[in-house]
Amino acid sequence: QVQLVESGGGLVQAGGSLRLSCAASGSIFSINTMGWYRQAPGKQRELVARITSGGSTRYADSVKGRFTISRDNAKNTVWLQMNSLKPEDAAVYYCTFRNKYSKDYWGQGTLVTVSS
């Protein structure tokens, strides 16, 4: 089992920044992928960004150039730096962890609200 603890959500004005963090604990293997998904009301959950333990990243087109994902393998922690936030970025953000067996774990979610 893997437990994920997220933090960093909140209310921010459009154009502002927030930094989300997620710490994983439990049965952590060295090869894994961590990332962030988000779900806005009435919309499907979508990938925001993910990063492998080797450092490869993938971003949704809508956040490229504004969001940066990073991680510390020694701390099993992933961060999502979100800059130039837009109202359409408002959603519940979920941290994810995929182990080397492709089993997925999800955090409880953290709410990001962007005021216009």
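The values are calculated or read from the model by the stated rules, or taken from the named source; none is laboratory data. This is a predicted model, so every value here is computed, not measured. Heads up, the Cβs are rebuilt from the backbone with ideal geometry, glycines too, and the neighbour counts pull from every protein chain shown. Note: areas computed on protein heavy atoms with side chains; ligands, DNA, RNA excluded. Shrake-Rupley method; radii C 1.70, N 1.55, O 1.52, S 1.80 Å.
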For the structure I just gave you, tell me whether GLY10 is of a type in the set (Gly, Ala, Ser) and at pLDDT 95 or above. yes
Residue hits (region 58-107; within 12 Å of the chain's Cα centre (by Cα) and modelled with pLDDT under 95) are none
Would you mind stating whether GLY26 is out of contact with any His (no Cβ under 6 Å at 6 or more places or on another chain) and modelled with pLDDT of 95 or more? no
Residues of region 1-11 being open to solvent by less than 20 Å² (accessible area, probe 1.4 Å) and of a type outside the set (D, E, K, R), in sequence order, are VAL2, LEU4
In region 102-116, anything of a type in the set (Gly, Ala, Ser) and over 16 Å from GLY35 (Cα atoms) is listed as SER115, SER116
Wholly inside region 33-95, strands (runs of 3 or more DSSP E) that include 3 or more residues that are open to solvent by less than 30 Å² (accessible area, probe 1.4 Å) are 33-39, 46-52, 77-82
Taking region 12-32 and keeping only residues that are assigned to a loop (DSSP other than H, G, I, E, B) and buried (at least 16 other Cβ atoms within 10 Å of the Cβ), one is left with ASN32
Pairing a residue in region 16-45 that is free of Cβ contacts under 8 Å to residues at least 40 places away in the same chain with any residue that is open to solvent by 20 Å² or more (accessible area, probe 1.4 Å), where Cβ atoms lie under 6 Å and the two sit 6 or more apart in sequence or on different chains, gives GLY26/GLN1; GLY26/GLN3
